[in-house]
Amino acid sequence: MPSWQSEIFRRLSRLSRPRAGGAAVDVAELRAQYAYLSDRFGPVPGDVSFEPGQLGPIKGEWARHGAKATDRLLLYFHGGGYIAGSPETHRALIGRLAIASEAHAFVPAYRLAPEFAFPAAVRDGIDAYRHLIQQVDPKAIVVAGDGSGGGLAFSVLLAARNAGLKLPAAAVAMSPWADLSLSGMSILTNREHDHALTWELLFLSARHYLRRTNPCDPYASAAFASFRDFPPIMVHAGGMEMLKDDASRIGDRAADAGVPVSIEIYDSMQHIFQANPLMPEARVSLQRLGQFVRAKTPRLQETAVG
């Protein structure tokens, strides 16, 4: 049964969410809708500091939990439908995950569509990972993300595996967008229940990102990829969101490949419900994700990065 806090938030979200107006909606309006979502992430944790950083050619931001050095690192990809968002817009969510994981994080400012269409985001992600593993043992790294950033995390894993790179210790994602063809049944069944996303918003975002690329390309949609040799995976999603089946299909791909996987669907929860710090379900989810990260990254010799 959902908490009373989540029920109040659900009703407020239903009344106030913006709507895409059809195929003629321009990119600025779509980005405004994503900004509306990230603006509701709550306050940034005071004990996480943020500073500009760079991995090779990829600029981004370091999120550092506490003053001490750590040998546990998240490579985190922000959401925003591949057309919006930045490391700054997701500081509150990233900061809370970093605290739960007892880790620092690097958040790449990967290129966004439509100015930079697929596969620019994947190329930026694999470039960041390639330079990161030159400084940090891959066994201390967990790739992570939310929404489209969650899907991108799995695309980067696929690119790293196919390039013969050493893979990270694990992958975690919150409400990943893993099927840009929008073929999951929950896209339809939860269309009236999802108070964050709309079919129009997802369709138009995918169109700007993919242009003429097949939406079933595994580098664009991890739901169609082989997860052979992937590291352990944990994915959390909301039971009321349109992308619920994307999370389930990540579990199917991992199970098909014999990869350890945990898919948790939280009843009556919305897209990226972890972003609301007032909901007990959000705290539980972040605690479990953090516990998973800590369990998969045993303490190694500390390495300075940044």
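The values are calculated or read from the model by the stated rules, or taken from the named source; none is laboratory data. This is a predicted model, so every value here is computed, not measured. Because the Cβ atoms are built from the backbone with ideal geometry, glycine has one as well, and the counts that use them run over all protein chains shown. All accessible areas refer to the heavy atoms of the entire protein, side chains included, with ligands and DNA or RNA removed. Shrake-Rupley method; radii C 1.70, N 1.55, O 1.52, S 1.80 Å.
Looking at the range 91-126 only, could you name the residues that are touching a Ser or Thr at 6+ places or on another chain (Cβ under 9 Å) and farther than 19 Å from LEU73 by Cβ?
ALA92, LEU112, ALA113, ALA117, PHE118, PRO119, ALA121, VAL122
Quick check, is ASP179 closer than 19 Å to ALA113 by Cβ and within 10 Å of the chain's Cα centre (by Cα)?
It is false that ASP179 is closer than 19 Å to ALA113 by Cβ and within 10 Å of the chain's Cα centre (by Cα).
Read through the list (1) open to solvent by 20 Å² or more (accessible area, probe 1.4 Å); (2) of a type outside the set (Gly, Ala, Ser); (3) at pLDDT 95 or above, then give the number of the only condition that PRO298 fails.
Among (1) open to solvent by 20 Å² or more (accessible area, probe 1.4 Å); (2) of a type outside the set (Gly, Ala, Ser); (3) at pLDDT 95 or above, the lone unmet condition for PRO298 is (3).
Tell me, which residue of the range 162-195 that is open to solvent by less than 10 Å² (accessible area, probe 1.4 Å) and hydroxyl-bearing (Ser, Thr, Tyr) is nearest to ARG72 (Cα to Cα)?
Filtering first and then ranking leaves SER175.
Please pick out the residue among ALA109, ALA113, ALA100, ALA105 that is of a type in the set (Gly, Ala, Ser) and in contact with a Lys or Arg (Cβ under 7 Å, 6 or more places away or on another chain).
ALA109
Of these, ALA282, ALA206, ALA254, which one is touching a Pro at 6+ places or on another chain (Cβ under 7 Å) and either outside any helix (DSSP H, G or I) or at pLDDT 95 or above (or both)?
Criteria check complete, one pass: ALA206.
Going through PRO2, PRO18 one at a time, which residue ends up being modelled with pLDDT under 85, open to solvent by 20 Å² or more (accessible area, probe 1.4 Å), in contact with an Asp or Glu (Cβ under 7 Å, 6 or more places away or on another chain) and part of a loop (DSSP other than H, G, I, E, B)?
PRO2
Filter the range 207-235 down to the residues that are under 13 Å from PRO114 (Cα atoms) and free of Cβ contacts under 8 Å to residues at least 60 places away in the same chain, then identify the one that is least open to solvent (accessible area, probe 1.4 Å).
ARG207
Looking at (1) under 27 Å from ALA35 (Cβ atoms); (2) open to solvent by 20 Å² or more (accessible area, probe 1.4 Å); (3) in contact (Cβ under 8 Å) with a residue 12 or more places away in the chain, find the lone condition where ALA275 falls short.
Tallying (1) under 27 Å from ALA35 (Cβ atoms); (2) open to solvent by 20 Å² or more (accessible area, probe 1.4 Å); (3) in contact (Cβ under 8 Å) with a residue 12 or more places away in the chain, ALA275 fails exactly one: (2).
Being part of a loop (DSSP other than H, G, I, E, B), in contact with a Leu (Cβ under 6 Å, 6 or more places away or on another chain) and under 14 Å from LEU152 (Cα atoms), is that true of even one residue in the range 225-238?
yes
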